[in-house]
Amino acid sequence: MFLAYATSRGRTLIDRRLYLPTSWTDDRDRCRRAGIDDTVGFTTKVAMAKAMVRREDRRHWGLARRSVSRPEEISYSIAYCPAGTTLDELIRIAGSRWAVEECFQTAKQECGLDDYQVRRYPGWHRHMTLAMATHACLTVLRARQLDTDKAETDPPSSSTSASPRYDG
């Protein structure tokens, strides 16, 4: 499971947890061979997501989205957000799910997120951490470059020019 952070200036993966089904957590010898500590037990994906999101002064929402082209299809998700978040903000953010998919695609293509051949948990954890850190670094560098490019091509903000401004 992964947690992503997305803004208009960029997006990146910021946390990860390895989901272990009960077939693993009930077999302690198998877990030990894979380097998984005896204190690690079964956790549902929902509980893992909750643990990855800061919940101080936060609310959770159950969201349902109906397909426009196939109204009988409804997808459900759980969202966590600051208590003061408006419904319009929540809908806008929930609609940016593609940003998470983009994180995975770029992290796989540019940072080797899916290029691991590990058989033990410590190796998986190290690989994911390194790939995520690399992706975060590239995201920051890209945002800085976009700021630099925009600064070089945009008229000063006090300009009264009628020419359209570049929005990135």
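The values are calculated or read from the model by the stated rules, or taken from the named source; none is laboratory data. Here the structure is a predicted model, which means the values were calculated and not measured. Reconstructed Cβ throughout: ideal geometry from the backbone, glycine too, with neighbour counts over all protein chains shown. All accessible areas refer to the heavy atoms of the entire protein, side chains included, with ligands and DNA or RNA removed. Shrake-Rupley method; radii C 1.70, N 1.55, O 1.52, S 1.80 Å.
If eta is 1.002 mPa s and T is 20 °C, what Stokes-Einstein diffusion coefficient results for the chain, Kirkwood Rh from Cα pairs, in µm²/s? Write out the running numbers ahead of the final one.
Values: Rh = 19.3 Å.
The estimated diffusion coefficient comes to 111 µm²/s.
For a Förster distance of 35 Å, can you work out the FRET efficiency between the beta-carbons of Ser75 and Gln109, rounded to the nearest 0.05?
On the way: r = 26 Å, r/R0 = 0.75.
That gives a FRET efficiency of 0.85.
Treating the angle as unsigned and between 0 and 90°, give the value, to the nearest 10°, between the Cα long axis of helix 98-111 and the longest Cα principal axis of the chain.
Compared with the principal axis, the helix lies near 70 degrees.
Using the Cα atoms as the points, what is the convex hull volume per residue of the range 70-118 in Å³? The partial results should precede the final answer.
Details: hull volume 8.0 nm³, N = 49.
Taking the convex hull of the Cα positions in the range 70-118, it is 163 Å³ per residue.
Which value results for Rg/Rh of the range 1-71 when Rg is the Cα radius of gyration and Rh the Kirkwood radius based on the inverse mean 1/r? If you can, show how the numbers build up before the last one.
Numbers: Rg = 16.9 Å, Rh = 15.3 Å.
With Rh from the inverse mean 1/r over Cα pairs, Rg/Rh is 1.11.
With r as the distance between the Cβ atoms of Lys45 and Ile91 and R0 = 25 Å, compute the FRET efficiency 1/(1 + (r/R0)^6) and round to 0.05.
Numbers: r = 23 Å, r/R0 = 0.93.
FRET efficiency, Ile91 to Lys45: 0.60.
Pairs of alpha-carbon atoms within less than 8 angstrom and 6+ residues apart define the contacts here; what relative contact order does the chain have, in percent? Before the final figure, lay out the partial values.
Numbers: 157 pairs, mean separation 37.6, N = 168.
It comes to 22 percent, rounded to a whole number.
Per residue, what accessible area does the chain have, given a 1.4 Å probe and all protein chains present, in Å²? Write out the running numbers ahead of the final one.
Details: 12290 Å² over 168 residues.
Counting only protein heavy atoms, the per-residue value for the chain is 73 Å².
Add -39500 (n - 2.57) for each DSSP H run of 4 or more in the chain, then divide by its residues: what number comes out at 222 nm, to the nearest 500 deg cm²/dmol? Before the final figure, lay out each step's value.
Numbers: 6 runs with 73 residues, N = 168.
Estimated from H runs of four or more residues: -13500 deg cm²/dmol.
Out of the total accessible area of the range 77-125 (probe 1.4 Å, heavy atoms of protein only), what percent is carbon and sulfur? Spell out each step's value before the answer.
Details: 1760 of 3400 Å².
Using a 1.4 Å probe with all protein chains present, the range 77-125 comes out at 52 percent carbon and sulfur.
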